[in-house]
1. Residues in the range 299-313: is at least one in a strand (DSSP E or B), touching a helix residue (DSSP H, G or I) at 6+ places or on another chain (Cβ under 6 Å) and not polar (S, T, N, Q)?
2. Of all residues in the range 211-266, count the ones that are more than 24 Å from the chain's Cα centre (by Cα) and among the basic types (Lys, Arg).
3. Conditions: (1) open to solvent by less than 40 Å² (accessible area, probe 1.4 Å); (2) free of Cβ contacts under 8 Å to residues at least 40 places away in the same chain. Arg297 meets all but one. Number of the miss?
4. Test of understanding: among Arg140, Arg221, which residue is closer than 21 Å to Leu283 by Cα, assigned to a helix (DSSP H, G or I), of a type outside the set (A, V, I, L, M, F, W, C) and open to solvent by 20 Å² or more (accessible area, probe 1.4 Å)?
5. Would you tally the residues in the range 405-439 being within 23 Å of Gly320 (Cβ to Cβ), touching a His at 6+ places or on another chain (Cβ under 9 Å) and open to solvent by less than 40 Å² (accessible area, probe 1.4 Å)?
6. Restricting the search to the range 145-160, which residues are touching a residue at least 40 places away in the same chain (Cβ under 8 Å) and either within 18 Å of Ala108 (Cβ to Cβ) or not hydrophobic (A, V, I, L, M, F, W, C) (or both)?
7. Which count do you get for residues in the range 243-286 that are part of a loop (DSSP other than H, G, I, E, B) and open to solvent by 40 Å² or more (accessible area, probe 1.4 Å)?
8. Every residue in the range 208-218 that is open to solvent by 20 Å² or more (accessible area, probe 1.4 Å) and hydroxyl-bearing (Ser, Thr, Tyr), please.
Amino acid sequence: MSENYLATRYRCSWPWETLVLLCDGRIVCGCADPYGRRVLGDARRESLSAVWTGPTVTALRADLNGGGSTFCGDCPLKLPLADDEAPPQRGLEVAPLPSHLYVECTAACNISCFQACCAPETGITRTRQAGMLDYHLFTRVVDEAGPTLVRIDFFNYGETFLHKRAVEMCEYIKERFPHVQLYTSTNGLALDEERARRLVRSGIDEVTFSIDGATQASYARYRQRGRLDVALANLRAMVDEKRRAGRDLPFLNWRYILFTWNDSDEELALARRMAAEIGVDRLTWEVTDHPEDSFSRRFAPGTPDYARIQHEVWDASGLGNAIAGATPRARIDIVADGGRGALVGRPGEPVVVRTRVHNLSARPFPARTASGHRLVRLGAQLCRADGTLVNRDHARAWLPQTLEGGNQVEVVIEVPAPPEAGSYQLRFDLVSEGIDWFERCGSPVTVRPFQVRP
């Protein structure tokens, strides 16, 4: 490998999957590069494909296969390798274009978040060569990458919707490439009711509002110069437009960073009630370790209070929810043999298993969705006899209809037996497609022995 190897060894998958388009047209490697120091190329002067297959990123991939690169510098996205852990080996011949793209409309912001690297006072906008992303550059990049993209994250540093054409950009992406999963994160303050409703109608898949408090006083301690009533009004308008239009998209998140001044039980309870009353899809807490003098100590990982909310934390799973009854929970009963004994099959032949699925939460499990994401299916995971996972996606079965909270339904799943005889386990769980397994947010799984006999 090259001389760029570092003493601290790490792995990273970003150079095999994702590019980030800055508002000035430069392309950087990861979303955690506030000052644009890790530049791979420039979309103003070369195609996205030329950047993606070019010498800088190719050398970076080779270095990462060896365990590290000086190109990465202080990037916080690196994942350390254990002393005895070999770096994963990924091919240097990649697809002509990435599957995932970040689009930064601007690095400017309309508020100043306390001690944040992207606050206007840090001078982040001076590290960009343009204040707003050129619309025609945006369309050229999206047109090139769109046919093979899986996802666009329509944000990075700054407040996306300060760009006057940001909603129009969302419309462009979904009109040209409806298959692309389009996600954005916003403080919600640069929108107004008309633009908020138009954003819903654009077809965007998911929107996160960052609102860190349930009262103006605590909210403005971090979101300095921000107005809680404006953010909530725009969130409420998006919820209302979804209902009025009979849409299940966009999925609307309220993400709440916990600090010393907004983490009381009383304020969290108020946020829960407000989120439920507004009708957002998901309220989650974000647990950080900064700013050093302000992050919530009572909810630090490992504390009793953290254990109490662990399934409501943003990064813990894609499904946990702080709104009462909204975290999905299910019980799966095996009824084919009265719920007793091992399941038995022959090598390579399917085994039909009858189950009864109980919705233990307050919200429905959708059997169909407009995009195919977030629909709920029953899954069977194949494990060895000791529980070691062999295939997480071994089998799936559709719910016959949307399962309302508190109800139950029979689901038949056809599970292929492995080609080799022996003792196995099957783990039955529900999955929100494209998002997460229910087990990750605390829902119980059903485990049964699986004997495959000659």
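The values are calculated or read from the model by the stated rules, or taken from the named source; none is laboratory data. Keep in mind that this is a model prediction, so the values were computed, not measured. We place every Cβ from the backbone using ideal geometry, glycine too, and count neighbours over all the protein chains shown. Please note that ligands, DNA and RNA were not included when accessible areas were found on the heavy atoms of the full protein model with its side chains. Shrake-Rupley method; radii C 1.70, N 1.55, O 1.52, S 1.80 Å.
1. No, the conditions are met nowhere in the range 299-313.
2. 4
3. Failing condition for Arg297: (1).
4. Just one listed residue meets the conditions, Arg221.
5. Total satisfying the criteria: 2.
6. Correct list: Thr148, Arg151, Asp153, Phe154, Phe155, Asn156, Tyr157, Gly158, Glu159, Thr160.
7. Number of matching residues: 6.
8. Thr215, the sole residue that qualifies.
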